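A.B. asks: Supplied in structure tokens, the structure appears directly below.
Values in this text are rule-based calculations from the coordinates and carry no lab data. All values derive from a computational prediction rather than experimental measurement. Ideal geometry is used to build each Cβ from the backbone, glycine not excepted, and the neighbour counts take in all protein chains shown.
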Amino acid sequence: MKDILEEIVAWKRFEVAKYKETISEREIHTLAERLSDCEVPSMKQALDKSETGIIAEFKRKSPSKGWIKQGGRASEIPLSYQTNGASAISILTDEKYFGGHDDFIREARNSGVTIPILYKNFIIDEYQLFQARISGASAVLLIAADLRKDTCKNLIRTAHELRLEVLLEMHNEKELEYCELEPDMCGINNRNLGSFVTDIQTSFRLASLLPYDTVKVSESGISSAITINQLRMAGFQGFLIGENFMRADNPGAALRDFIKQTDNMQKQS
Ligand SMILES: O=C(O)c1ccccc1NCC(=O)[C@H](O)[C@H](O)COP(=O)(O)O
């Protein structure tokens with residue numbers, strides 16, 4: 001039986017082919033060229049110098065949980081994340097499985113979001129990098145589990161040509177060999193995308209095996225201030241959190257309270 005990642009990747013191949021019928025590759029290249037002077041803030045730098053390191057995610061739906069916040073607005077929640085102390089924002093743009101859209105990045109930018117935005121999707125074709133660029137993202141997620149190494153290398157090169165940074169997501173020891181492709185940031189996903197099981201120990205186990213000088217991001221299943229402080233001690237500078245904030249009535253306020261708790265905990269230790 002296919003796992004969810006295989007299913008999503010198969011869908012992406014179909015979806016990208018459809019997009020290319022609407023906006024051709026040549027047209028999307030031209031659109032991106034027009035933006036070549038348009039600066040976007042660096043996510044790597046933001047995490048490197050930030051005190052909180054929190055990448056707050058705009059995630060309305062997921063394969064493991066179904067709808068989390070169906071009516072959540074991209075013109076409101078990302079800005080409230082910025083106001084309440086996020087270092088960067090992740091926006092899920094996949095429509096079918098996560099209820100997202102590329103326009104959510106545009107809506108967030110139009111609402112006043114100036115901090116880095118991560119284009120969160122399942123990228124398997126360079127066309128999607130152009131989609132990310134023209135939507136206003138600073139960085140893209142690439143997932144080692146769904147890319148051959150040579151494909152991943154080419155995608156990183158094209159992303160850099162488009163002045164997009166790359167957060168490369170890995171989940172086990174074997175995938176760490178992708179670190180030699182020198183992404184801008186290395187992510188450890190605590191969620192097994194095949195089984196949906198989330199285990200923070202994945203980050204602790206793999207932390208010391210990541211390159212010393214890379215910006216390290218722990219992803220998924222984070223819901224407590226204690227965990228953030230422990231991950232920080234293990235060498236992580238970024239913490240990607242979605243469901244924990246999106247489930248709250250007011251995601252921005254939930255982020256603010258969470259940051260207060262991590263600050264208090266740090267003062268006590
Ligand atoms: O969240 C899922 O169910 C999921 C299933 C299959 C592939 C990816 C999935 N999530 C993408 C993510 O990486 C998370 O949205 C992100 O790390 C935040 O996780 P969380 O804080 O647990 O919402």
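A.B. asks: Find all pairs meeting these conditions: Cβ atoms under 6 angstrom apart; at least six residues apart or on different chains; first residue within region 70-92 and assigned to a loop (DSSP other than H, G, I, E, B); second residue within 13 Å of the ligand (Cβ to nearest atom) and basic (Lys, Arg).
C.D. replies: What qualifies is Gly72/Arg60.
A.B. asks: Being touching a helix residue (DSSP H, G or I) at 6+ places or on another chain (Cβ under 8 Å) and aromatic (Phe, Trp, Tyr) is the filter here; which residues of region 1-37 pass it?
C.D. replies: Listed by number, the list holds a single entry, Tyr19.
A.B. asks: Which of (1) surrounded by 15 or more Cβ atoms within 10 Å (Cβ to Cβ); (2) away from the ligand (no atom under 16 Å from the Cβ); (3) under 22 Å from Ile143 (Cα atoms); (4) within 17 Å of the chain's Cα centre (by Cα) is the odd one out, the single condition Gly53 does not satisfy?
C.D. replies: Among (1) surrounded by 15 or more Cβ atoms within 10 Å (Cβ to Cβ); (2) away from the ligand (no atom under 16 Å from the Cβ); (3) under 22 Å from Ile143 (Cα atoms); (4) within 17 Å of the chain's Cα centre (by Cα), the lone unmet condition for Gly53 is (2).
A.B. asks: Same structure again: In region 7-32, which residues are touching a residue at least 40 places away in the same chain (Cβ under 8 Å) and either more than 30 Å from Val197 (Cα to Cα) or within 16 Å of the ligand (Cβ to nearest atom) (or both)?
C.D. replies: Listed by number, the residues that qualify are Ile8, Val9, Trp11, Lys12, Glu15, Tyr19, Lys20, Glu25, Ile28, His29, Leu31, Ala32.
A.B. asks: Here's another thing I want to ask about it. Take region 196-206 and flag every residue that is part of a loop (DSSP other than H, G, I, E, B) and near the ligand (Cβ under 10 Å from one of its atoms).
C.D. replies: The answer is Phe196, and nothing else.
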